[in-house]
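Everything below concerns the one structure shown next.
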């Protein structure tokens, strides 16, 4: 391996040459306490920045094994290192000057959630740390300015590495607190099934956000306080005793007037499948990790999905056991979303009446008298919600503001009153006795068919060039197709969308053979990411891209929205 002195000499040789001469810097260079790898060099100063990585061996990094011996603690530690390095890189960025992206130093921007990412990985066996970042190699016009790159690589970057990747130079109490918090969150998540719960919201949590575009907690917000009837106390490994609201498995309604916090609570629950950083306010809002937020999604494509649980006997005679359409209606899309969530292993549905198709959710008594059930192909969710739990173990948390019909099916009813939850189950059940449901119960439905076996598309053969582009949280594009992920609402980071694009591409090239079911394909992807990390999805010819790990449920959602996928 060449040394940092060799790199310095190389930079002196190529100074003021044409920009393509920067490609000579590719390779690994041994610095005094770490290895710098230049993995990909941009074509010109206006192109996407160059990708580089830093490798620090375990003995030099010096992180105690207690900080990373458990996966949840390791991911929290990696998250903290990324945040520290990101702050330092932001301060060092553009101190070296030039045209285009010259002087840029950047890496992943972490949000309020703690996610496994490719940007930083600590090896659980050796304690070695690898960090990936982007650097804009400086130029004047398209002429190399090697002195400015030397400033970045030999002054600015070493400062960031020394301050962010060596345990002795970090705030050790802060790192330990982050790892302890992650372990406490994991403890609650694992305790939910044993307690018969599908979610937990700690007393004192701050659920409202600063604004519709800010994920930060709202100042002076009303702290959450559990109603006594639902109060649960846990003894956490590090924090100790904690009390909050436990939402039991089954059917739970969240009701109340407008602007009283119903949707705010549901939003906190849908993101409770992830860990949150200290100070977010939702650190101890923990939801069943297999929960899925469901909504209507007009215009989405559906491929050979069994929606007969909710839709049958269409006037055109179309098959609803293997239903396909390029332009689903609100009710059809919501039916498909429920069934696809079940195929993905969902054990909790999160639904907001505001984003649901009304005719999918409920049909009132007057409508049933005028249009008899035999004339309506849609079986409303109201008629299946109990069966979903009683037969298949799928709980539901539903925000309802306009229809009381679900009171009959609910196990628990929580009223949000000025952001304060109250258990009104007994009162709601008593009131529902005055409004009995007139329609007789439905016979049990057949279990949904889930044997779809995707086949590969010729354009994604291994070795063929594919243009893959992330569109933020809105979706991902592969060649000429855009996979719309705008309504997959539990995606919380653009790097998760990018990872879904790589999941699609990897599956097309290596897993889809027409024999594996979609569930088996997703199983293989999860095994790969678990064993080798997210970077195993990618061809790293251009360096490792910035990716964050998506859940199993979002991988299914992405495959189900890919119009070119031959299911």
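Taken together, the values in this text are just the output of simple stated rules run on the coordinates, not laboratory data. Everything quoted here is computed from the prediction, not taken from an experiment. Every residue, glycine as well, gets a Cβ built from its backbone with ideal geometry; the counts of neighbours run over all protein chains shown.
A protection proxy built from the mean count of other Cβ atoms within 10 Å ranks the segments 68-76, 220-228, 473-481, most packed first, as 68-76, 473-481, 220-228. Of all beta bridges that DSSP places with both ends in the chain, some 75 percent have antiparallel geometry. The angle separating the long axis of helix 4-14 from the principal Cα axis of greatest extent in the chain is about 80 degrees.
From its DSSP helices (H runs of at least four residues, each -39,500 (n - 2.57)), the chain gives a residue-normalised ellipticity at 222 nm of -8500 deg cm²/dmol.
For region 291-432, compute Rh as the Kirkwood radius over C-alpha pairs and then the Stokes-Einstein diffusion coefficient at 37 °C and 0.692 mPa s; write the answer in µm²/s, rounded to an integer.
204
Averaging 1/r over each pair of different alpha-carbon atoms in region 133-252 and inverting the result gives 19.0 Å, the Kirkwood hydrodynamic radius.
In terms of Cα atoms, the Rg and Dmax of region 398-510 work out to 23.2, 67 Å. Using only the alpha-carbon atoms of region 232-378 as identical scatterers, what base-10 log of I(q)/I(0) does the Debye formula give at q = 0.15 Å⁻¹? The calculated log intensity ratios at q = 0.15 Å⁻¹ are -0.90. Modelled spin labels at residue 6 and residue 126, positioned 7 Å past Cα toward Cβ, are 1.9 nm from each other.
Once C-alpha pairs closer than 8 Å and six or more residues apart are averaged by separation and normalised to the residue number of the chain, the relative contact order reads 13 percent. Please pull out the direction-averaged projected area of region 527-567, using the convex hull of its alpha-carbon atoms, in nm² to one decimal place. Dividing the Cα hull surface by four gives the mean projection, 3.9 nm². Rounded to the nearest 10 degrees, the inclination of helix 71-92 to the longest alpha-carbon principal axis of the chain is 50 degrees.
Both radii are taken from the alpha-carbon atoms of region 82-163; with Rh as the Kirkwood radius, Rg/Rh is 1.04.
One equal scatterer on each Cα of region 436-567, no solvent, Debye formula: the resulting log10 I(q)/I(0) at q = 0.19 Å⁻¹ is -1.08. Coordinate range of the alpha-carbon atoms in the chain per principal axis, descending: 87, 56, 39 Å. When peptides 3-10, 168-175, 93-100 are ranked by their average number of other Cβ atoms within 10 Å per residue, the highest-first order is 93-100, 3-10, 168-175.
Eigen-decomposition of the gyration tensor built on the alpha-carbon atoms of region 498-567 gives equivalent ellipsoid semi-axes of 19, 12, 12 angstrom, largest listed first.
Which angle from 0 to 90°, rounded to the nearest 10, does the C-alpha axis of helix 518-532 make with the longest principal axis of the chain? Once rounded, the angle reads 40 degrees. Packing order of peptides 184-194, 259-269, 445-455, highest average first: 259-269, 184-194, 445-455 (average count of other Cβ atoms within 10 Å over each peptide's residues).
Ranked from largest, the principal axis spans of the Cα set of region 272-318 equal 55, 20, 15 Å. For region 118-163, what value does the Rg/Rh ratio take when both radii are computed over Cα atoms and Rh is the Kirkwood radius, given to two decimals? Computed over Cα atoms, the ratio is 1.14. Full extension of the chain between residue 28 and residue 220 gives 64.0 nm of extra length, using 0.36 nm per residue less the Cα-Cα distance.
Compactness of region 2-170, taken as the C-alpha radius of gyration over 2.2 N^0.38 Å, stands at 1.04.
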